[in-house]
Amino acid sequence: MSENSWNEYSKLVLKELETLAIGIANLNSEIQDLKKEIALVKDREDKVEKLMDWKEKVSEVASPTQLAELTREVKDLKEFKTRAVTVFLVVQALMALAFSLLNYMK
């Protein structure tokens, strides 16, 4: 009888070891999934930190309001340049016409 009970006990121990092995395998799988998720979170944190650094650098250069004002000023300067070049060309044409009239009258 003691040998029979030993067989049953050894079967019970083997079954428990198999159950534990399955549990450990499941835990290992979950740990791997958690490691992947942690890596994704760390990657996102790095991206957020980079974006925060970039925003800080951009904020040091100019605020959105300043950028809008600068854009408006550049537009105004382009319009002024166009007007100035046009006036210069008109004056040059008038001068050329005046010199040709002077030469024609002589």
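Bear in mind that the values in this text are calculations on the coordinates, not laboratory data. It should be emphasised that the depicted structure is a prediction, and the values quoted were computed from it without experimental measurement. Here Cβ is always computed from backbone atoms with ideal geometry, including for glycine, and neighbour counts include all displayed protein chains.
Key figures for this structure:
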{"item": "Single residue of 31, 38, 24 found to be more than 31 Å from the chain's Cα centre (by Cα) and part of a helix (DSSP H, G or I)", "result": "24"}
{"item": "Qualifying residue in segment 60-83 (condition: among the hydrophobic types (A, V, I, L, M, F, W, C) and not in a helix (DSSP H, G or I))", "result": "yes"}
{"item": "Enumeration of residues in segment 57-70 that are of a type outside the set (S, T, N, Q) and surrounded by 10 or more Cβ atoms within 10 Å (Cβ to Cβ)", "result": "58, 62, 67, 68, 69, 70"}
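Each row is one residue, and each column tells you yes or no for (1) loosely packed, with under 10 Cβ neighbours inside 10 Å; (2) in a helix (DSSP H, G or I); (3) of a type outside the set (Phe, Trp, Tyr).
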{"position": "4", "(1), (2), (3)": "yes, yes, yes"}
{"position": "9", "(1), (2), (3)": "no, yes, no"}
{"position": "16", "(1), (2), (3)": "no, yes, yes"}
{"position": "43", "(1), (2), (3)": "no, yes, yes"}
{"position": "51", "(1), (2), (3)": "no, yes, yes"}
